[in-house]
1. Go through (1) surrounded by fewer than 18 Cβ atoms within 10 Å (Cβ to Cβ); (2) assigned to a loop (DSSP other than H, G, I, E, B); (3) modelled with pLDDT under 50 for Ala8 and report which single condition fails.
2. Have a look at Pro219, Pro190 and point out the one that is in contact with a Cys (Cβ under 8 Å, 6 or more places away or on another chain), modelled with pLDDT under 95 and over 22 Å from Ser99 (Cβ atoms).
3. Among residues belonging to segment 129-142 that are farther than 18 Å from Lys214 by Cα and surrounded by 14 or more Cβ atoms within 10 Å (Cβ to Cβ), point out the one that is modelled with the lowest pLDDT.
4. Conditions: (1) β-branched (Val, Ile, Thr); (2) assigned to a strand (DSSP E or B); (3) more than 15 Å from the chain's Cα centre (by Cα). Ile255 meets all but one. Number of the miss?
5. Under the condition of being assigned to a strand (DSSP E or B) and acidic (Asp, Glu), which residue from segment 29-86 is nearest to Ile151 (Cα to Cα)?
6. Right, Ala41: within 17 Å of Leu141 (Cβ to Cβ) and either loosely packed, with under 15 Cβ neighbours inside 10 Å or out of contact with any helix residue (DSSP H, G or I) (no Cβ under 7 Å at 6 or more places or on another chain) (or both) or not?
7. Looking at Gly166, Gly62, which one is surrounded by 16 or more Cβ atoms within 10 Å (Cβ to Cβ) and on the phi > 0 side of the Ramachandran plot?
8. Filter segment 258-281 for residues that are of a type outside the set (Gly, Ala, Ser) and part of a loop (DSSP other than H, G, I, E, B); which is surrounded by the fewest Cβ atoms within 10 Å (Cβ to Cβ)?
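The values are calculated or read from the model by the stated rules, or taken from the named source; none is laboratory data. Nothing here was measured: the structure is a model prediction, and the numbers come from that model. For neighbour counting, all protein chains shown are included, and Cβ atoms are generated from backbone atoms with ideal geometry for every residue, glycine included.
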Amino acid sequence: MKRAFIAAGLAVAALALAGGTGAISNGVPDGNGHPNVGLFAIGFEEGGQLVRFAGCSGSYGGPQLGQPAQKVFVTAAHCVNGIEAAGISPDQIWVTFDSIVDIDIETGAITSSNNWHQASAIDFDSGKNPANANDYAVILLTSVPAGLSPIRMPTAGLLSQLAANGGLKPGVVMDNVGYGVVPTFKQGPPQYDVPPGRMFSTSIFKGLTQSLLKLNANPDKTAGNGGACFGDSGSPKFLHGTNTAVAIQFGGDAICRGENYASRLDIPAARAFYGQYLALP
């Protein structure tokens, strides 16, 4: 039963973004571009071996406040809010920051990465609702790769300030980084392939609400750009060309072709949650 939950649930349903989609479309392999963006998996023993199944993406936020031995992995609440109810303990959660990861398309099993970091605890925003735009969670890790630098969290109200000063408008791009499936839309219905690992693309700014950053994910209408899809939930949205994450992937249209939206990290709800774990600017 536990294996069925992981294989069917995490490899398929939990890879999907709340309300729609969750992977990188029209992207390229990230390589060493964003080593602080990782993928979490659920592991359990099968046939005497530890098998890990792909979950969602996320990023390294830094050492935990007051407990620097614990490392904070920033991700989305809808990726983790059913794990404990399913009888899966935090120490069955693993995170890899490898740029190349082989994922079995049929089961979601990860077959290549050997650089894993075990979790000790999870927490997510008090709403505990996949439809809640304040889709914030942390996975606390016992280690991260040596020398790994964290993402930079935004200052309070950063996106609102940029919008007020003309820094957010159509044509402005944001950076997507994650491990989600790669959608294609040519010659028939949409197709979804597993990525070779961590992927990168850019998306054009579409709009801003009190809780969401909206991005255009249509590669046909925004030449050279793309978006996010199944498996990118929890991944960061960076100000273009920087290490500043301003939102985390939350939702989008059902086939990863139109619009993506991400939970803002600069608003009070996000700062209240992540401020429990990280020193925010």
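1. Only one criterion is unmet by Ala8, namely (2).
2. After applying the criteria, what remains is Pro190.
3. For segment 129-142, the residue satisfying everything is Asn129.
4. Condition not satisfied by Ile255: (2).
5. Result: Glu45.
6. Values: within 17 Å of Leu141 (Cβ to Cβ): yes; either loosely packed, with under 15 Cβ neighbours inside 10 Å or out of contact with any helix residue (DSSP H, G or I) (no Cβ under 7 Å at 6 or more places or on another chain) (or both): yes.
For Ala41, the condition - within 17 Å of Leu141 (Cβ to Cβ) and either loosely packed, with under 15 Cβ neighbours inside 10 Å or out of contact with any helix residue (DSSP H, G or I) (no Cβ under 7 Å at 6 or more places or on another chain) (or both) - is met.
7. One residue alone meets the criteria, Gly62.
8. Pro281
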